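Visitor: Sharing a structure here in structure tokens format.
Values in this text are rule-based calculations from the coordinates and carry no lab data. Because the structure is a prediction, the values reported are computed rather than measured. Counting neighbours? That spans all protein chains shown, and the Cβs are built from the backbone with ideal geometry, glycine included.
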Amino acid sequence: MTKEQKALIKATVPVLQEHGVLLTKHFYQRMFTHNPELKNMFNLGNQQNGKQQTALAMAVLAYAEQIDNPGVLMPVINTIGHKHTSLDIRPEHYHIVGKHLLASISEVLGPDATPELLAAWKVAYEQLAKIMSGHESTLYSDQVNKTGGWSGWRPFIVKDKVRESAEITSFFLYPADGGTVADFIPGQYISIRMFLPQLNLSQPRQYSISSMPNGTYYRISVKKETGSSHPSGIISNTLHDEVKIGDKIDVSAPAGTFMLDSDRSRPLYFVSGGVGLTPLMSMLETALKDNPGQQKTWIHGCKSSDAHAFKRCLAEWNNKYNELDCHIFYDEAAPVIAAMRQYQGWVDLGLISGIPNQKADYYLCGPAAFIKKHYDFLTEQGVPKEAIRFEEFGPASLEIH
């Protein structure tokens, strides 16, 4: 890019700050009108609740702000790349997106979208697409080269369904071809894809793997969205209500950047709210098996004892492993669980002995407000930001600095 083109891109930053979501809403409407087949690749729930449009607006803004040095965005590009490979997005899709993004800039900005500005954004987008598709090509190669790995979609069979709580059920997924499955780093997710007759579309959804790697199956643990017919919960509810043992669903290879660190010398704190415990279950089970001497603290909050998934499993682990300390918060009063410390109310890290520990690693997972509350508490108590890892389910909308 020329200096003049970079200057034009940076000059659009105030416009993107004020009208970025308007632009991305127009973009998605335009793209789905001209390329309706792409509806099969996008989570329509995130389209309806606005999360996808907001996430894209934030990404475009960040790119414009860092146009002089886009390399600083590699952590974000890596996270998006994992999402894209889990949805089987390929280089040819970038051409479609670019066409509609440039057209949307022209249509939304009107006379302010000068030929020079559009030319600058065309070069900028092509640069970004090259960076992202190149990185995703590496991720696809890494998936294929793993033992039991694959690229794209692979049919799996639901061999078991286990009710973990009043809201959450686990699904045990085995490859239909009888082969092995690739290992993963605890904390990662898989995508599943199902055809929904009521929408006349295939829809993908991402679910954390809730068990440790085993080479044979993946377990996902899914919350039923009670009383909801909104697209954001339609796959989860279909899994609960309609999918039977023996049914086939398409699955993509494990992906994701929320991962258990391999450093075994530091204590671990796992902090979850509701169904956010699913990736942390994989992390905890792996850490208990691989490093029994490492101190581990489990902190979980949910609305009631009936809604508490894996509570028997956690109680058994708490009794078996001296290095594990479990703390459970219920919104409602509940019978006491033997061996686990129990509280009434929302999760309060200030009640946990040992926090803050500046030499520990913290893993947070739950709704955006839950993550931000505990992230802010930990940093205010002197915990280094790099010691705190978190995952917000769905397109990233949480801004933490």
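Visitor: Which whole-number percent gives the relative contact order of the stretch 274-327, counting Cα pairs below 8 Å spaced six or more residues apart?
Guide: Once normalised by length, the contact order is 44 percent.
Visitor: While we're here: What percent does the relative contact order of the stretch 153-252 come to when contacts are Cα pairs within less than 8 Å and at least six residues apart?
Guide: About 37 percent, as a whole number.
Visitor: Now for a separate question. For the stretch 153-252, what value does the Rg/Rh ratio take when both radii are computed over Cα atoms and Rh is the Kirkwood radius, given to two decimals?
Guide: Reported Rg/Rh, Kirkwood definition of Rh: 0.94.
Visitor: For the chain, what proportion of DSSP beta bridges, expressed in % and rounded to the nearest 5, is antiparallel? If you can, show how the numbers build up before the last one.
Guide: Numbers: 30 of 56 bridges.
Once the DSSP bridges in the chain are tallied, antiparallel ones form about 55 percent.
Visitor: Find the centroid of the Cα atoms in the stretch 271-350 and in the stretch 176-225, then give the distance between the two in whole Å.
Guide: Using only Cα atoms to place each centre, the spacing works out to 23 Å.
Visitor: Give me the mean projected area, in nm² to one decimal, of the convex hull enclosing the Cα positions of the stretch 3-145.
Guide: 8.5
Visitor: Another question, if that's okay. Just the number: Rg to Rh for the stretch 148-211, Cα atoms, Kirkwood Rh, two decimals.
Guide: 0.97
Visitor: Quickly rank 190-203, 213-226 as a protection proxy: mean count of other C-beta atoms within 10 Å, highest first.
Guide: The densest-packed peptide leads the list: 213-226, 190-203.
Visitor: Further question: Assuming 0.692 mPa s and 37 °C, estimate D for the stretch 268-391 with Stokes-Einstein, Rh taken as the Kirkwood radius over Cα pairs, in µm²/s.
Guide: 227
Visitor: Related question: Checking the cross-link filter: which aspartates and glutamates have an alpha carbon closer than 12 Å to that of Lys130, excluding same-chain neighbours under 8 positions apart?
Guide: Glu92
Visitor: Using every alpha carbon pair in the chain, what percent of pairs falls into each 20 Å bin from 0 up to the bin containing the largest distance?
Guide: Histogramming the chain at 20 Å steps yields 25, 55, 19, 1 percent.
Visitor: Let me ask you something else. A 20 angstrom limit on the alpha carbon distance is what I want to check against. Which of Lys83/Lys161; Lys296/Lys320; Lys39/Lys372; Lys161/Lys303; Lys6/Lys122; Lys223/Lys289 exceed it?
Guide: Numbers: Lys83/Lys161 26 Å; Lys296/Lys320 13 Å; Lys39/Lys372 32 Å; Lys161/Lys303 23 Å; Lys6/Lys122 12 Å; Lys223/Lys289 27 Å.
Beyond 20 Å between Cα atoms: Lys83/Lys161; Lys39/Lys372; Lys161/Lys303; Lys223/Lys289.
Visitor: Still on this structure: Per residue, how big is the convex hull of the stretch 85-172 when only Cα atoms are used? Give it in Å³.
Guide: 150
Visitor: Taking Lys244 as the anchor, which aspartates and glutamates have their alpha carbon closer than 15 Å to its alpha carbon, excluding any fewer than eight residues away along the same chain?
Guide: Straight-distance partners of Lys244: Asp160.
Visitor: Using only Cα atoms and rounding to the nearest 10 degrees, what angle (0 to 90) does helix 231-241 make with the longest principal axis of the chain?
Guide: 40
Visitor: Using only Cα atoms, find the angle between the long axis of helix 368-380 and the longest principal axis of the chain, and express it within 0 to 90 degrees, rounded to the nearest 10.
Guide: Helix 368-380 and the main axis of the chain meet at about 80 degrees.
Visitor: Here's a follow-up. Kindly express, to the nearest 10 degrees and within the range 0 to 90, the angle between helix 91-109's C-alpha long axis and the longest C-alpha principal axis of the chain.
Guide: Between the helix axis and the principal axis of the chain, the angle is about 60 degrees.
Visitor: So, how do all the Cα-to-Cα distances of the stretch 256-322 break down into 10 Å bins, in percent, from 0 on up?
Guide: 19, 54, 25, 2
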